[in-house]
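For reference, the structure is listed below as structure tokens.
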Amino acid sequence: MAAFNKSSVLVLKRLPEMNTLEKIIKTLKNHARVEIIDHVVEKDIEFPLYGIVIGSEDRSAPTLALSGGVHGLERIGSEVVISYLSTISQSLEWDETLYERLKTSRLVFMPIVNPVGMFLMRRSNGNHVDLMRNSPVVAEGDPPFLLGGQRISRKLPWYTGSVTKAEDMETEAKALHRFYHREVLSARISLSVDVHSGFGTIDQLWFPYAKSKRPPPHIAEIHALKNLFDRTYSNHFYKLEPQAYSTHGDLWDYLYDESLNQTNSGLYIPWTLELGSWLWIRKNPRQLFSSLGPFNPLKPHRLQRILRRHLTLFDFLHRALISPSAWTNLDSAHRKQHTSEAMDIWYAA
Ligand SMILES: [Zn+2]
């Protein structure tokens, strides 16, 4: 089997994000613990699945986890995560306040979850499986036909694979699951953000569930965190809400439910950031005719804007994890109030 480097010209051309990531990993030096969680192979090329942990060695410390590139066409997701990793790497060279913060907290990264999909320029992985439909979670009710995940054929989109238990998941999904289980679910409090694109005109932050229309058990904390974000950044442009449509096999539902069922587990809330790419298309309709166009900003100035647009959100979440009492220490009256407001804005029929 050819080593990853042997085909580097082709990989550089079709997966430049991997090269950027490896350069940043070098600059991180002893600030980070970097591992290759697993490999995936396509056309005799071995692609590493990188996992990166920065900060405290204590796995129970507050943890923010970021991932991208689960869907190979939505490469802007990887780019946003890599861009934040680069900012952190550079800041660690001089910013003592960040250095201090990371003594008692952790940042976890899996920036390129589906390198083969990105390399082949398609949504699914090398086996045509949609990794965000590939966990053993079965949706309640009736998810939308095909879009909700289908087992009919790998030739159709949104193919779940024939997964009934954790071991059946694809290599990439298993790697993400293993890595998050060890490095994120171990924390007494943690949040994750998985960056996607291609749905809607605004940037949306989705919280569980994807499998059902029910509110998750932490709906009060989610609403309190939303309030804190609204208060702290009154001009933020995100729309926070439950996932817009229901699906089978959501990896984040799977991890979330696992954290709920784990004894002594901390508070874990996974978020999916859906970048509103339809806006980029409206401004540049010719994008529709490129395979990556519907999912990625193609104009350089727009790309730059998207890459810096989310740094504030990630910083906010990191700080909210280190000082969580404003959204987690809820007495019963506050819990009731947050739950009732959440039900009104998100679950009223
Ligand atoms: Zn996606």
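The values are calculated or read from the model by the stated rules, or taken from the named source; none is laboratory data. Everything quoted here is computed from the prediction, not taken from an experiment. With ideal geometry, Cβ positions are generated from the backbone for all residues, glycine too; neighbour counts draw on all protein chains shown. Quick note on the areas: whole protein, heavy atoms, side chains included, nothing else; ligands and nucleic acids left out. Shrake-Rupley method; radii C 1.70, N 1.55, O 1.52, S 1.80 Å.
At 1.4 Å probe size, with every protein chain present, just tell me what the per residue accessible area of segment 40-175 comes to in Å².
For segment 40-175, the per-residue accessible area is 37 Å².
On the principal axes of its Cα set, how long, how wide and how thick is segment 137-291? Give whole Å, largest value first.
Ordered largest first, segment 137-291 gives principal extents of 52, 46, 29 Å.
Which peptide among 24-32, 220-228, 143-151 comes first, and what is the full order, when sorted by highest mean count of other Cβ atoms within 10 Å?
220-228, 143-151, 24-32
At a 10 angstrom cut-off on C-beta neighbours, averaged per residue, how do the peptides 168-176, 247-255 rank from highest to lowest?
The most tightly packed comes first, giving 247-255, 168-176.
Once you have all Cα-Cα distances for the chain, histogram them in 20 Å bins from zero and send the whole-percent values.
For the chain, the binned pair fractions read 30, 62, 8, 0 percent.
Looking at the chain, send over the antiparallel percent of its DSSP beta bridges, to the nearest 5.
If we restrict to bridges inside the chain, about 40 percent are antiparallel.
I'd like the accessible area for residue 140: 1.4 Å probe, protein heavy atoms, all chains in place, Å² to the nearest 10.
80
Of the heavy-atom accessible surface of the chain (probe 1.4 angstrom), what whole percent is carbon and sulfur?
About 53 percent, which is the carbon plus sulfur part of the accessible surface.
Please go through the residue pairs 211/336; 43/165; 211/299 and name each one whose alpha carbons sit more than 32 Å apart in this structure.
Distance filter (> 32 Å) returns 211/299.
With a cut-off of 14 Å, note down the residues of segment 31-70 whose backbone N falls inside the zone around a label point 7 Å from the Cα of residue 99 toward its beta carbon.
It comes to 31-32, 55, nothing else.
List the extent of the Cα atoms of segment 67-121 along each of their three principal axes, largest first, rounded to whole Å.
Sorted from largest, the Cα extents of segment 67-121 read 41, 18, 12 Å.
In nm, to one decimal, how far is the residue 91 label point from the residue 291 one, both placed 7 Å along Cα→Cβ?
3.6
Once you compute Rg and the Kirkwood Rh from C-alpha atoms, what is the Rg to Rh ratio for segment 241-349?
1.05
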